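**Q** Input: one structure, supplied below.
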Amino acid sequence: MRHPHLSSVVERRLLVNYRVAPDAAARLLPGPLRPQLVNGHAVAGVCLLRLGSVRPAWAPKVFGLRSENAAHRIAVEWDGPDGVETGVYIPRRDTASPLNVWAGGRLFPGEHGRADFDVHETPDRIRVALRTRDGDTRVDVTVEPADELCDSELFADLAEASRFFRLGAKGFSATSSGSHLDGMELRTDAWHVEAGRVRSATSSFFDDPDCFPPGSATLDCALVMRDVPVDWRPLPAMVTEA
């Protein structure tokens, strides 16, 4: 099935990033993916995303939809036909939108679970909490804006972090079949991120000792993107290896 190109506005994209022991990250990845390392660490996190004006690329903006979404992600690399490629592996996507749950994996790549979101935003603070309807995943994050990226062991400064995530625009999502990964690429000519300071963060995914033994996943930094127009381009599905 040919999926349409989608357009939207990233009204708010909050990236909360963890530095992870490479062996812990590798255990969570299907082949042919492997962890992309930065300063000896794997990079993982949760993306808390509010999209507005979501619509087929040919449709007027006025017909677009709005939704709160979340994606748990691990930075990865793999061998492509022209050399090593980079992107993210997404073990689960969740959304507050029943339409996204129905359409994900059908009308556009990326199967979604249903979640309830609690969001409070002011110019000085962003708090996003979610609980998935299946009870499997909980997140509660509070971030304040910052002038620069501080205390990160992954990135030397904001420019380095921004470049890393911009180059990781290809996302491959787990599917219920387990035989392939759905692919989607974010494209924009208006890429811009700002630094955030994490005031509190809990994640049942990263706090799970079965996935991340104690000490193997450490909160590193946060980035914020606001009001950026983007296109979403479907990618060919990636066949997984046993």
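Read-outs: derived from the displayed coordinates by stated rules, not from any lab. The structure presented is a predicted model; accordingly, all values stated were derived computationally and were not measured. Note that we place each Cβ from the backbone using ideal geometry, even for glycine, and neighbour counts take in every protein chain shown.
**Q** Run the quick spin-label model on Glu121 and Thr86: label points 7 Å from Cα toward the beta carbon, then report their separation in nm to one decimal.
**A** Once both label points are built, they end up 2.7 nm from each other.
**Q** At 0.36 nm per residue, and after removing the present C-alpha to C-alpha distance, how many nm does the segment from Glu144 to Asp227 gain when stretched out fully? Please report the intermediate quantities before stating the final value.
**A** Working: separation 83, 0.36 × 83 = 29.88 nm, distance 1.72 nm.
The Glu144-Asp227 span can extend by a further 28.2 nm.
**Q** On to the next question. If you place +1 on the Cβ of every Lys and Arg and -1 on the Cβ of every Asp and Glu, how big does the dipole about the Cα centre of the stretch 6-239 come out, in debye to the nearest 20?
**A** Details: 27 positive and 33 negative charges, 158 e Å.
Result for the stretch 6-239 is approximately 760 debye, rounded to the nearest 20.
**Q** Counting other C-beta atoms within 10 Å, which of Ser8, Ser176, Ser200, Ser162 has the fewest, and how do the rest follow? Display every interim value, and only then the final one.
**A** Values: Ser8 23, Ser176 7, Ser200 10, Ser162 19.
Neighbour counts put them in this order, fewest first: Ser176, Ser200, Ser162, Ser8.
**Q** Let me ask something else about it. Report the extension gain between Thr202 and Ala237 in nm, rounded to one decimal, defined as 0.36 nm multiplied by the number of residues separating them, less their alpha carbon distance.
**A** The Thr202-Ala237 span can extend by a further 9.4 nm.
**Q** Beyond 20 Å, what percent of the Cα pairs of the stretch 60-202 remain?
**A** Values: 5996 of 10153 pairs.
Pairs farther apart than 20 Å: 59 percent.
**Q** Please name whichever of Leu186, Gly87, Leu154 sits farthest to the positive end of the charge dipole of the stretch 54-198, dipole taken about the Cα centre and charges placed at Cβ: Lys and Arg +1, Asp and Glu -1.
**A** Projecting each Cα onto the dipole axis, the largest value belongs to Leu186.
**Q** A follow-up question, please. Can you compute the helix-only [θ] at 222 nm over the chain? Use -39500 (n - 2.57) per DSSP H run of at least 4 residues, normalise by all residues, nearest 500 deg cm²/dmol.
**A** Rounded to the nearest 500, the figure is -2500 deg cm²/dmol.
**Q** Within a Cβ distance under 13 Å of Ala146, other residues only, what is the Lys/Arg minus Asp/Glu net charge?
**A** Net of charged neighbours comes to -4.
**Q** Just how many % of Cα pairs in the chain lie over 34 Å apart, if you round to the nearest whole percent?
**A** Counting every Cα pair in the chain, those more than 34 Å apart make up 9 percent.
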